[in-house]
Amino acid sequence: MTQRWWGGTRLVAGRALVEGFASKSWRIVTAVLLLLGLAAVVLPRLLGSGGTDYTLVTVGPASSALVAQLDASAKAGEFTVHYTEASDLAAASTAVRDGVADVGLDSTGTTDQILVPSSNVGSFPALVSGAARGEAVVGALAAQGLSAAQIAELQALPAPTQVVVGPSSDPNRAGIGFVVGIVLYLALILAGTSIATAVATEKSTRISEVLLAVLRPSQLLVGTVLGVAILSLLQISAVAIPTGLSLVTSTNAQLPSGAAPDIALAVVWFVLGLALYAFLFAGLAALVDKITEVSSAILPVNALLIGSYIVAVTVVAGSPGSPVAVIASMFPFSAPLVMPVRWASGQVPGWELVLSMAITLVTAVLLARVASVIYGRGVVRTGRRLKLREVIRG
């Protein structure tokens, strides 16, 4: 019995895939998404400057101590400092004013002067000022009779330990979770709308009535959902995979250590979320009589997705341990969007993740049964848009 059920379901799913691949609109949309994904790989390499460069002009040659300190800062900050020499203060000022140099330094007088352009050049002037001050401090210590070893010992004193205090243990990882929440929201909206449109199309063309003569409603519903979901996943992958590879292979990418598991977990949540929402979209789409009514029919589901997304990126991202965040991550209809964001904060116990997944999966199975009943009753009644209440009572 189970084998026959799955056999019919596979036939429906295969039919949906064949029709999708043969659809000109599906091929065009997929090609556009693939081009967007490839553009995310190619354009940064064509337009990128390969890193940040600064030019420092000094009156006279730059001292070795100043160069060493700035080069050390450049290595830590992943930028490059170029050095040029001016004959006097006027020439250095002209170089900065004309944009030949970003910052100028005059150490020939009793007091160092930093030449800064009127436009914003970021934190580089502060680095130059700190390096010049450090060089002056070393000179003052040497003038007081300290040896080179004693000065080196003072310079080697450790800096204060930086402790991040915030809603997440790793801000970079939390940023990955924020992006994952946005991607999941867009993916579920795209896939759900495609499923609803497919169901409404089959009903309006009376194909569903013909297929229901030889198949069960659950076979037709699950098969349609499965086939259209695969088509939607291929479209999403066309833009997501190249973009992800571009991010991973970029030399400037600084992905946190937990990024890979979090992204893999996001894929699992997408599957769970799609299994949950797909049957909601399909069941409501079976109530319409015209394809033009699909948008208004699935509006409650879209509102639920939008509300979950807003909670995920506002409340949960800022306070992952709050009661609202905990409840939203356990509620099955918001968990697919909320839990990945909350998990990326690094403050969620493993048992909460497993429990949230289990609740979502059980809810998806129950919804599949309810949606099959609504679908079986709704697709055979045409002529007007049906109300959910009358279908359930019928």
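The values are calculated or read from the model by the stated rules, or taken from the named source; none is laboratory data. The model shown is predicted, which means the values in this text are computed figures rather than measured ones. Methodologically, a virtual Cβ is constructed for each residue, glycine included, from the backbone with ideal geometry; neighbour enumeration extends over all protein chains shown.
General remarks:
- Out of 326, 380, sole residue that is touching a residue at least 60 places away in the same chain (Cβ under 8 Å) and either on the phi < 0 side of the Ramachandran plot or surrounded by 15 or more Cβ atoms within 10 Å (Cβ to Cβ) (or both): 380
- Condition check for residue 254: within 16 Å of the chain's Cα centre (by Cα) and either at pLDDT below 80 or hydroxyl-bearing (Ser, Thr, Tyr) (or both): yes
- Considering residues of segment 309-322 that are of a type in the set (Ser, Thr, Tyr) and in contact (Cβ under 8 Å) with a residue 60 or more places away in the chain only, the residue surrounded by the most Cβ atoms within 10 Å (Cβ to Cβ): 309
- Within segment 84-109, residues that are more than 20 Å from residue 136 (Cα to Cα) have Cβ atoms under 8 Å from residues that are surrounded by 14 or more Cβ atoms within 10 Å (Cβ to Cβ) and aromatic (Phe, Trp, Tyr) in these pairs: 102/54; 102/124, counting only partners at least 6 apart in sequence or on another chain.
- Meeting the requirement of 2 or more residues that are in contact with a Gly (Cβ under 9 Å, 6 or more places away or on another chain), the strands (runs of 3 or more DSSP E) wholly within segment 78-134 are 79-86, 113-115.
- Residues considered: 201, 197, 205. Of these, the only one that is more than 17 Å from residue 33 (Cα to Cα) and free of Cβ contacts under 8 Å to residues at least 24 places away in the same chain is 205.
- Scanning segment 288-302 turns up at least one residue that is crowded, with 18+ Cβ neighbours inside 10 Å, in a helix (DSSP H, G or I) and modelled with pLDDT under 85.
- Each residue in segment 310-333 was checked for being at pLDDT 85 or above and part of a helix (DSSP H, G or I), and 10 of them qualify.
- Considering (1) surrounded by 20 or more Cβ atoms within 10 Å (Cβ to Cβ); (2) modelled with pLDDT of 70 or more; (3) over 30 Å from residue 379 (Cα atoms), the lone condition that residue 259 does not fulfil carries the number (2).
- Residue within segment 162-181 that is at pLDDT 70 or above and within 30 Å of residue 286 (Cβ to Cβ) present: yes
- Among the residues of segment 363-371, some residue qualifies, meaning at least one is of a type in the set (Val, Ile, Thr), free of Cβ contacts under 8 Å to residues at least 12 places away in the same chain and part of a helix (DSSP H, G or I).
- Some residue of segment 339-354 being surrounded by 15 or more Cβ atoms within 10 Å (Cβ to Cβ) and within 18 Å of residue 278 (Cβ to Cβ): no
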